[in-house]
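Visitor: The structure's right below; bear with me while I get my questions together.
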């Protein structure tokens, strides 16, 4: 096993489309991307006592960080039958209001294999 097999592809920074549901899809970066790590570093610098903040404030900050560094765009998402445009503020709001969706996005972003090309393995 070569450790280079664990390397991420360029798609980790550029983002990858994931289908969700019947016709919706979302484009996200890897949680290992430089962009997301930079966003998180700024957040933790601004809030060095992050773990001491209220749960609500933590969720708001994490949702904003995900909107700034992970979620690039989406297509065909609705809320109560109304299309939701993928603006930065709407993405942050949706991630905060719908924690199960936020966790789903986080799970996609943290799975390293989602951002690697298939490699031959013995």
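Visitor: With the crude spin-label approximation of a point 7 Å out along Cα→Cβ, what separation in nm comes out for residue 24 versus residue 104?
Guide: In this crude spin-label approximation the distance works out to 0.6 nm.
Visitor: Also, I was wondering about something else. For 43, 57, 66, 52, which order do you get if you count the other beta carbons within 10 Å of each Cβ and list the fewest first?
Guide: The order, fewest Cβ neighbours first, is 52, 57, 43, 66.
Visitor: Which order do the peptides 27-38, 78-89 come out in when sorted by mean C-beta neighbours inside 10 angstrom, highest first?
Guide: On the way: 27-38: 18.5, 78-89: 10.1.
Per-residue Cβ counts within 10 Å, averaged per peptide and sorted highest first, yield 27-38, 78-89.
Visitor: Need the full-extension length gain, residue 46 to residue 113, defined as separation in residues times 0.36 nm minus the C-alpha distance. One decimal, nm. Don't skip to the answer; put the middle values down first.
Guide: Details: separation 67, 0.36 × 67 = 24.12 nm, distance 3.13 nm.
Residue separation times 0.36 nm, minus the Cα-Cα distance, leaves 21.0 nm.
Visitor: Let me ask another. Determine the principal axes of the Cα atoms in the chain, then give the extent along each, sorted from largest to smallest and rounded to whole angstroms.
Guide: Sorted from largest, the Cα extents of the chain read 46, 40, 20 Å.
Read-outs: derived from the displayed coordinates by stated rules, not from any lab. Quick caveat: nothing in here was measured; it's all calculated off a predicted structure. Reconstructed Cβ throughout: ideal geometry from the backbone, glycine too, with neighbour counts over all protein chains shown.
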